[in-house]
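Novice: For reference, the structure I am asking about is given below.
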Amino acid sequence: MELQKGLISVIMSNYNTPEEYLREAIESILNQTYSNFEFIIVDDCSTDNSLEIIKSYKDSRISVIKNEVNMGITKSLNRALAVSKGEFVARMDADDICLPERFEKQVEYLKQNREVIVCGTWVELFGNGADAYNEKYSRKILPEKETLQINLLFGNHMNIIHPTAMFNHKLLKDNNIVYNENYIYAQDYRMWVDCSQKGELKNIPEILFKYRIHNKAVSSDKKSVQTECAKNIMAEQLAWLGLELPEDWEKVHWGLLTGRKTYDLRYLEWIKTIIRANKKHKVFNHKKLKKMLWAKWTETVYFELAKAKGLNNKFKVLLSLPVFCYPNLLKIKMHRSSKEKI
């Protein structure tokens, strides 16, 4: 299929979306300042009137695919992706809102940065529970490709918020990248892992999207299943290194690079294991992997020492010490703690 230059294929899955949310989502697409798009909506066998609502919009740019059985969002998005004709593919969720200049600015960015395979935007969080989210969630500056790949090994933390994504369609097709249907949830995490092997992932540092937080969102309603999918994606990446996470070690690995302040005695062993495996298999940039893991080791040890009696911020000088000193410092801390209990 020849891609149409400048055309955006907007892909969206719908299943029983409340009418107010669905209309706001559709109309925010139709009111974009960039109008050269096709809007492919997959109705995933809805049992309410949302399909009728979609069909009530008489805009020639809208095309509807109706699943005969409920397939889930991953397969539904792949159905839309398979018929997309655009040079760019934009994601949209049926309960969110695009700001008017979203498409215009993302297309301009992707045309100027051909090495970028997927471009997201900053978002404004709204709806029930939005206040509970840290601002960092909605305003992320993504690192360059090799650093992002390492981050993704430890979770979907340095990411693009999925419905803001716009893809370079040619790079997807040239590399046979689609949504991995082994994952009914966390499909975005696996997509970022795949895309990071073939191009750069970037966020436009501007709010161009309103991301709705509500009780029926997948991230709230199916969190345990989503978490299990994410763990399996991390396990796949560890397998590239010839590693398998030891039983009950999930807390050691999960989110290791995301600011954890509590030290675990197994950290040192696991960090050394990852570094040795990467040196052998050459999966990630070895210099950057070592630097990032030892920096995290230093941080967690410092915070553990700072909690010990008699240590405070004036001991930040410890951070300048070689990392091999830290096990002995921890022994001193634990010895001091045991004496206090006597």
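Novice: If you go through region 129-182 one residue at a time, how many are open to solvent by 60 Å² or more (accessible area, probe 1.4 Å) and of a type in the set (Gly, Ala, Ser)?
Specialist: Residues in region 129-182 being open to solvent by 60 Å² or more (accessible area, probe 1.4 Å) and of a type in the set (Gly, Ala, Ser): 1 in total.
Novice: Continuing with the same structure: Six or more apart or on different chains, Cβ under 7 Å: which pairs go from a residue in region 56-84 that's farther than 22 Å from residue 190 by Cβ to one that's part of a helix (DSSP H, G or I) and open to solvent by 20 Å² or more (accessible area, probe 1.4 Å)? Could you list them?
Specialist: That search, which allows pairs on different chains as well, returns 59/30; 64/55; 65/79.
Novice: Could you check region 227-280 and list, in sequence order, the residues that are closer than 24 Å to residue 181 by Cβ, free of Cβ contacts under 8 Å to residues at least 24 places away in the same chain and hydrophobic (A, V, I, L, M, F, W, C)?
Specialist: 235, 239, 245 - these are the residues of region 227-280 that are closer than 24 Å to residue 181 by Cβ, free of Cβ contacts under 8 Å to residues at least 24 places away in the same chain and hydrophobic (A, V, I, L, M, F, W, C).
Novice: Against the definition (charged (D, E, K, R), modelled with pLDDT under 95 and either open to solvent by 70 Å² or more (accessible area, probe 1.4 Å) or not in a loop (DSSP other than H, G, I, E, B) (or both)), how does residue 210 come out, yes or no? First the steps, then the outcome.
Specialist: Working: charged (D, E, K, R): yes; modelled with pLDDT under 95: no; either open to solvent by 70 Å² or more (accessible area, probe 1.4 Å) or not in a loop (DSSP other than H, G, I, E, B) (or both): yes.
No; evaluated as a whole, the condition is false for this residue.
Novice: What strands (runs of 3 or more DSSP E) lie completely within region 1-118 and have 1 or more residues being among the small types (Gly, Ala, Ser), over 23 Å from residue 176 (Cα atoms) and open to solvent by 10 Å² or more (accessible area, probe 1.4 Å)?
Specialist: 62-66
Novice: So, in region 236-255, exactly how many residues are open to solvent by less than 50 Å² (accessible area, probe 1.4 Å), in a helix (DSSP H, G or I) and within 19 Å of residue 285 (Cα to Cα)?
Specialist: So the answer is 3.
The values are calculated or read from the model by the stated rules, or taken from the named source; none is laboratory data. Note that the coordinates shown come from a computational prediction; the quantities given were computed from them, not determined experimentally. We place every Cβ from the backbone using ideal geometry, glycine too, and count neighbours over all the protein chains shown. Remember, those area values only see protein heavy atoms, side chains included, never the ligands or the DNA or RNA. Shrake-Rupley method; radii C 1.70, N 1.55, O 1.52, S 1.80 Å.
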